[in-house]
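A short worksheet on the structure shown next.
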Amino acid sequence: MKKNMKSMRKIGITATAMVAAAVMALAGCGSSSFSSSSSSGSDSTSGAKTTKFVLGGLWPETGSLAYLAPPELAAEKLAVKDINDAGGVLGNKITTVDADTSDADHADQNTSAAQSVLSKNPSFIIGPASSSVVKNTYKSITSQNIPMLSMGATSASFSGLSDYFFRTVAPDTVQGAVMGNLIAQDGVQKLAIAVFNDEYGTGLRDTIAKTASEAGVNIVYGEKDTFDPTETNFSSIATAIKASNPDATLVIAFDQTKPLLKAFASAGVDTKKLYFVAGLSNRFERM
């Protein structure tokens with residue numbers, strides 16, 4: 001519980017800093033987006049000032065990353081309150097407009113959420129949290145010269161994506177190199193990788209596999225194998241990993257991890273020798 005609360009506080013502080021930095025940067029440039037929206041954080045009375053800063057939020061409130069949304073939304077609410085209590089932006093309160101992007105398996109919802117937020121004429125958009133969802137939404141946002149900032153899009157291909165795209169997380173090439181070297185330094189000779197077929201999953205897998213292989217680790221399963229993000233039965237994958245006789249297994253997944261680990265245990269995969277990546281850390285603490 002203490003560990004999970006520390007993680008929640010860390011996410012909250014990070015997201016609060018993101019909102020504050022975005023607001024201050026745009027306010028300093030005199031950026032404004034005129035709207036009379038009365039969404040959360042705004043004054044809904046008829047005599048309220050015209051809002052000049054609308055903060056858009058794209059959150060994974062449903063789907064495989066839904067566990068991330070509550071702390072992210074709480075941090076947004078706290079940051080907006082703190083800024084508004086301090087006088088707002090250019091003398092006006094911030095208003096917010098939020099939408100549920102779900103996950104990459106719901107591409108229609110990705111785009112409809114982005115359009116819903118864009119219809120409110122936002123000054124700045126925070127999110128989405130996933131590389132695949134960013135891939136499905138960034139063009140519609142950045143093409144309108146609206147800055148967007150992702151807290152979790154780690155795809156290496158996003159470096160230099162657009163002058164209006166920012167992120168507060170390192171690309172997969174950084175995490176992947178660290179993980180690959182760690183696995184090699186731990187003395188692993190044979191590594192199995194269970195990875196879902198997602199922009200985040202395969203991109204990170206490729207970097208880890210390359211780094212570990214160059215350090216002498218033999219990838220015995222998963223260098224080309226993936227599973228569908230909607231998969232629910234992992235018995236065949238667990239059996240294949242057991243048959244590959246690895247020294248350790250790396251899991252690159254989100255909410256699929258819990259049933260995957262149960263399948264590992266049933267198949268006799270050594271669950272004492274597992275590696276996990278950043279996208280799973282908060283979810284794993286909640287298991």
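Details
- Residue 197-residue 121 FRET efficiency (beta carbon distance; Förster radius 45 Å; 0.05 resolution): 0.80
- Neighbour cut-off at most 11 other Cβ (10 Å), DSSP loop, GluC sites (Glu not before Pro), the stretch 167-257: none
- Between residue 89 and 94, the built amide H atoms are under 5 Å apart, and every one of these is 5 or more places off in sequence or on another chain.
- Computing FRET efficiency as 1/(1 + (r/R0)^6) for residue 210 and residue 67, where r is the C-beta to C-beta distance and R0 is 35 Å, gives about 0.75.
- Subset of 135/273; 93/120; 135/242; 210/258 violating a 23 Å alpha-carbon distance limit: 135/273; 135/242; 210/258
- At a probe radius of 1.4 angstrom, the accessible area of the stretch 147-271 per residue rounds to 43 square angstrom.
- Qualifying aspartates and glutamates (Cα of each under 18 Å from Cα of residue 262; at least 8 residues distant if same chain): 228, 231, 270, 285
- Computed on the stretch 177-287, the Cα convex hull volume stands at 89 Å³ per residue.
The values are calculated or read from the model by the stated rules, or taken from the named source; none is laboratory data. Note that the structure is predicted; figures quoted are calculated from it, not measured. Don't worry about glycine lacking a Cβ; one is built from the backbone with ideal geometry, like all the others, and counts go over all protein chains shown. Just so you know, the surface numbers come from the protein's heavy atoms only, side chains and all, with ligands and any DNA or RNA stripped out. Shrake-Rupley method; radii C 1.70, N 1.55, O 1.52, S 1.80 Å.
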